[in-house]
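Below: the structure, in structure tokens.
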Amino acid sequence: MAETFKTRRAEYADATREALLDAARELFTSQGYQQISLEAIAQKARVTRGAFYHHFSGKTDLLDALVVALQADAAARVRAASAAAQASQRVSAGIAAFLDVCSEPTYRHLVLETATAVLGSDRCREIEEASTFGLLSAALQAQAARGSAAAKNVPLAARMIGRMICESALLIDSAEDEKAFKADVQRIVKHTWDAVTAGPRTKA
């Protein structure tokens, strides 16, 4: 099998793109998307304006790539947390991991607060379905395949459960006891999950 390798130019291009994403992540989180210029991002990344436009068509395109990366990382963390837990605890572990991700300043500000206004709801849903919400949907689909999912519209159920977690994360800062608040969220979401996956009830 031929060895796959990158040229120095390709490696430099990848490094430049990552530097721009890292710079944007830091600046957008600390100062806000609207307040940051392309020049500030390029300067932070130590690249030229021309290098910026080689990778991104503009600030919106950069935010799109950043949200995709954040969602992919969130999905990987949820997947890892679920895989590391015992079978009976995988759903709870996944819920807890997703809530933790949603609570982080960068994810909360860029994905939950900024993305919809800048990228539009349709694009945000597309990104979610390919990452975090896609995991929820796949888990519910697996339940449906075993005949134990009560929800007829699995994508809708997955979206509603995912949105519960995201919306709850926006309230964490105002909670008097963050640990207790997260525990409450996890219980509520788990009860909802159990209700969706309980299967059809038999009549007495």
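FYI, it's all coordinate maths here, none of it is from the lab. This is a predicted model, so every value here is computed, not measured. We place every Cβ from the backbone using ideal geometry, glycine too, and count neighbours over all the protein chains shown.
Computed 3J(HN,Hα) for the stretch 14-31, one whole-Hz value per residue from the Karplus formula 6.51 cos²θ - 1.76 cosθ + 1.60 where θ = phi - 60°, is 4, 5, 5, 4, 5, 5, 5, 5, 5, 5, 5, 4, 5, 6, 4, 6, 7, 10, glycine and proline marked x.
Relative to the dominant Cα principal axis of the chain, helix 154-169 is inclined by about 70°. Positive-end ranking of V91, V67, L21 along the dipole of the chain, with charges on Cβ about the Cα centre, is headed by V91.
Return one number: the angle in degrees, 0 to 90 and rounded to the nearest 10, between the long axis of the Cα atoms of helix 90-103 and the longest principal axis of the Cα atoms of the chain. Approximately 40 degrees, to the nearest 10.
Label separation (R49 vs D61): 1.6 nm, computed from points 7 Å beyond Cα along the C-beta direction. In straight-distance terms, cross-link reach from K44 covers every one of the aspartates and glutamates whose alpha-carbon lies under 13 Å from its own, apart from those fewer than eight places away in the same chain; here that gives E18, D22, E26. When only Cα pairs below 8 angstrom with a gap of at least 6 residues are kept, the stretch 18-81 shows a relative contact order of 34 percent.
Can you tell me the relative contact order of the chain? Whole percent, Cα pairs under 8 Å, sequence separation 6 or more.
Rounded, it is 18 percent for the chain.
Here the Karplus curve 6.51 cos²θ - 1.76 cosθ + 1.60, taken at θ = phi - 60°, turns the phi angles of the stretch 56-68 into couplings of 9, 6, x, 5, 5, 4, 5, 4, 4, 5, 5, 5, 4 Hz, with x standing for Gly and Pro. Angle, helix 132-145 long axis vs. longest principal axis of the chain, Cα atoms, 0 to 90°, nearest 10? Around 30 degrees separate the two axes. Over all pairs of different C-alpha atoms in the chain, the reciprocal of the mean inverse distance, the Kirkwood hydrodynamic radius, equals 18.9 Å. Relative contact order, whole percent, for the stretch 94-185 stands at 34, derived from Cα pairs under 8 Å and 6 or more residues apart. Of all aspartates and glutamates in the structure, the ones whose alpha carbon falls short of 16 Å from that of K190, not counting any fewer than 8 places away in one chain, are D100, E167. All other residues with a Cβ under 12 Å from the Cβ of L20 taken together, and with Lys, Arg as +1 and Asp, Glu as -1, what is their net charge? Here the charged neighbours net out to +1. For A175, the amide hydrogen comes within under 5 Å of no other amide hydrogen, counting only partners 5 or more places away or on other chains and with H modelled in the peptide plane.
If I stretch the segment between A117 and A138 completely, what's the gain in nm (0.36 nm per residue apart, minus their alpha carbon distance), one decimal? Could you put the intermediate results ahead of the total?
Working: separation 21, 0.36 × 21 = 7.56 nm, distance 2.74 nm.
The A117-A138 span can extend by a further 4.8 nm.
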